[in-house]
Amino acid sequence: MKKRVPAALLLLLLVTSLGVLWLAPDNYAFQDRDATMAPASVRHWTGTDELGRDRTVRVAAALLIGLTGAAAAAAVTTLIAASFGLLAAFSPAWAAALLLFLGDVFLSLPWLFLLMIARSMLPLTASPLETAIATFLVLAALGWPACARAIYRDASVLRSAEWMIQGRASGLRTGQLIRLHLVPHLRPLLMPQFFICVPAFIVAEANLGALGLGVGEPMPSWGAMLLELDNSALLARSPWVYLPIVLLVVVLLLVESFATEGEANA
Amino acid sequence: MKLPMTIAVRGGRTLLLLLCAAAGTILLVRFAPGFFSDERELDANYAGVVRTDVEAENRQQSLESIAVREVKGWIHGDFGESRQYRVPVAELLGARVRISAWLLLQGIGYGWLLAVGAALPLSAVGKSSIVWGLPFTVLLAVPTAAMATACILADTGGPVLVLSLLIAAREFKFLRSLLEGAWRAPHLMQGRAQGLSGPALIRIHILPNILPQLGALTTLSIVTALGAVIPIEVIFTVPGVGQLAWAAVMNRDLPVLVAVSLLMALVVGLAGLLSTRNIPLEAT
């Protein structure tokens, strides 16, 4: 029941963003040179940035890119974590120890630092779309170790459950056991992991963007839009500069409410 | 006999983790498609010349030569020479480590004070409604970079405040649930029935029981703070390790990156060792 309100609000935000992008006369990269750093007007509802790009359109695009990218990366990372955790749980003890150690190597470095290293190693000539894909791929590729450990722990317990022994005795192969019995039982753990990853990835993308390592210009992203706050001339002209950060916090709070509920149910 | 063995195993594991972290950083950076990127590539007039330079550098930067150079640097104690500053890495790290360590210490300390200060009374009175934790939930939803930028805009606070708020927001939730569980324990009700005061209950019953979890939470705080210190130092222009790491990342300065990776892995490893000292090795 509790989920419905944030879900409805999130959906409303997504639909509004799509509507804005659909109806806007210009795309997010269009520069209106006659209206740089313009305040809110009929043509530009929330003003423009220093290059004359419409802020409403850019915020709508950033919201869609950030949310879909983070959700896709979270799905991939949950899948990797599930595969890794299950592989470790069904491997001999020495192999499981080795796999978990591999995960610990990733955990031995702060996540943002690891992300920075991985993300910065892209060629400078990468296109904005490539940088966006690479950013979310890096998030997906490096976000799994902690989640994999939790899945390994639960899968190891479930592996010796009576119904698993019964399934094995009935002649089910390991793959069938995992698919038919284990994965449905792990779903209450996987879903919160997914919902925890989404806001974490949005925040990570924003932090990377603010360090100049996120999605490349002119593609809009939360991180790049946070950089606007450094422009004091722009801040003095329009309070709408704060729109991206306010919206970002709202989106994160809405997504985090799913994670909190998921954790409570798990 | 058991204790020295446990210490040796854990120490050995931490050392192995450090080596793997360093080797992983070298592999990740060396084989990344953009390792030899040069800003001049963006200019069509220089692209051809740059390609030749890059190919020449590529020949000198084989994995073996990098590994040998790094190991030589570690043995020598200077961690090699920085690619961008052309000075020994140890020299660069020296003063910066002190600045970052002080920032981390203050940030984690104040953050914990704030989190404990809020979680302890709330858990004791059993106020678990969303409203009480809302400020921390909101803080958790603000990216570190945004929080730092907001501080600069408002001309209030600084790196310590941002780090403290981040740590407090992260730890409050865990601490509150930990303390709520501790307050509900049957032996605590018994203690209350015997007339023990609140501070006495905390000192005698609660703290000893949650100490191992607090150790694990501290490790988590250190890892969180180490990550957060990078955008904080960059935005506030604090000349610490975080800022150095960012500059090294932007300039593909491998010797500095490896040294920073080692340093961060060492801090995380030591923190992990300390937090698990009361937990049997099998459980870790």
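Of everything in the range A:8-31, what is β-branched (V, I, T) and open to solvent by less than 40 Å² (accessible area, probe 1.4 Å)? Give them in sequence order. Across the range A:8-31, the qualifying residue is only A:V20.
The residue list A:R187, A:R153 contains one member that is away from chain B (no Cβ under 13 Å) and modelled with pLDDT of 85 or more, which is A:R187. When A:E256 is tested against the conditions (1) within 19 Å of A:T46 (Cα to Cα); (2) surrounded by 19 or more Cβ atoms within 10 Å (Cβ to Cβ); (3) facing chain B (nearest Cβ under 9 Å), the lone failure is (1). Count of the range A:127-138 residues, restricted to those that are open to solvent by less than 20 Å² (accessible area, probe 1.4 Å) and either under 19 Å from B:A245 (Cα atoms) or within 12 Å of chain B (Cβ to nearest Cβ) (or both), is 3. Within the range B:200-208, the presence of a residue that is charged (D, E, K, R), within 24 Å of B:G133 (Cα to Cα) and more than 11 Å from chain A (Cβ to nearest Cβ) is excluded.
Residues considered: B:S197, B:S261, B:S221. Of these, the only one that is small (G, A, S) and modelled with pLDDT under 85 is B:S197. When the range A:96-126 is filtered for residues that are more than 7 Å from chain B (Cβ to nearest Cβ) and closer than 25 Å to B:L244 by Cα, the ones remaining, listed by number, are A:F106, A:L107, A:L114, A:L115, A:R119, A:A126. Going through (1) open to solvent by 30 Å² or more (accessible area, probe 1.4 Å); (2) assigned to a loop (DSSP other than H, G, I, E, B) one by one, B:V142 falls short only on (1).
Go through B:A216, B:A228 for me and flag whichever is small (G, A, S) and either open to solvent by 10 Å² or more (accessible area, probe 1.4 Å) or out of contact with any Ser or Thr (no Cβ under 7 Å at 6 or more places or on another chain) (or both). Being small (G, A, S) and either open to solvent by 10 Å² or more (accessible area, probe 1.4 Å) or out of contact with any Ser or Thr (no Cβ under 7 Å at 6 or more places or on another chain) (or both) holds for just one of B:A216, B:A228, which is B:A216.
Would you confirm, using the coordinates I've provided, whether A:F101 is part of a helix (DSSP H, G or I), among the aromatic types (F, W, Y) and buried (at least 21 other Cβ atoms within 10 Å of the Cβ)? First the steps, then the outcome.
On the way: part of a helix (DSSP H, G or I): yes; among the aromatic types (F, W, Y): yes; buried (at least 21 other Cβ atoms within 10 Å of the Cβ): no.
Criteria not met by A:F101.
The criterion of at least 2 residues that are among the β-branched types (V, I, T) is met by the following helices (runs of 4 or more DSSP H) wholly inside the range A:109-221: A:128-142, A:145-159, A:183-210. Among the residues of the range B:235-253, those that are facing chain A (nearest Cβ under 10 Å) and farther than 12 Å from A:F113 by Cβ comprise B:I235, B:M250, B:N251, B:R252. Looking at the range A:47-67, can you tell me whether even one residue there is open to solvent by less than 30 Å² (accessible area, probe 1.4 Å), in a loop (DSSP other than H, G, I, E, B), in contact (Cβ under 8 Å) with a residue 60 or more places away in the chain and not charged (D, E, K, R)? So far as the range A:47-67 goes, yes, one or more of its residues are open to solvent by less than 30 Å² (accessible area, probe 1.4 Å), in a loop (DSSP other than H, G, I, E, B), in contact (Cβ under 8 Å) with a residue 60 or more places away in the chain and not charged (D, E, K, R). Filtered by the rule that a residue be in contact (Cβ under 8 Å) with a residue 24 or more places away in the chain, small (G, A, S) and within 13 Å of another protein chain (Cβ to nearest Cβ), the range B:133-176 gives B:G133, B:A145, B:A148, B:A169.
Do we find a residue being within 14 Å of A:I65 (Cα to Cα), open to solvent by less than 10 Å² (accessible area, probe 1.4 Å) and in a helix (DSSP H, G or I) anywhere in the range A:226-240? Give the derivation first.
Here is the first cut: in the range A:226-240, the ones within 14 Å of A:I65 (Cα to Cα) are none.
The answer is no; no qualifying residue exists.
Residue count for the range B:236-255, restricted to those that are modelled with pLDDT under 90, out of contact with any strand residue (DSSP E or B) (no Cβ under 7 Å at 6 or more places or on another chain) and buried (at least 18 other Cβ atoms within 10 Å of the Cβ): 5.
Would you say B:R83 is surrounded by fewer than 17 Cβ atoms within 10 Å (Cβ to Cβ), out of contact with any helix residue (DSSP H, G or I) (no Cβ under 6 Å at 6 or more places or on another chain) and in contact (Cβ under 8 Å) with a residue 12 or more places away in the chain? The answer is yes for B:R83. Out of curiosity, is B:R98 at positive phi and not hydrophobic (A, V, I, L, M, F, W, C)? It is false that B:R98 is at positive phi and not hydrophobic (A, V, I, L, M, F, W, C). Could you please find all residues in the range B:161-195 being more than 19 Å from B:A118 (Cα to Cα), among the aliphatic types (A, V, I, L, M) and open to solvent by less than 60 Å² (accessible area, probe 1.4 Å)? Correct list: B:A185, B:L188.
Within the span defined as the range A:70-85, every residue fails to be open to solvent by less than 20 Å² (accessible area, probe 1.4 Å) and either assigned to a loop (DSSP other than H, G, I, E, B) or charged (D, E, K, R) (or both).
The values are calculated or read from the model by the stated rules, or taken from the named source; none is laboratory data. In this text the structure is predicted, and so the values were computed from the model without any measurement. Positions of Cβ are backbone-derived with ideal geometry, glycine not excepted, and every protein chain shown enters the neighbour counts. SASA here: full protein model, heavy atoms, side chains in, ligands and nucleic acids out. Shrake-Rupley method; radii C 1.70, N 1.55, O 1.52, S 1.80 Å.
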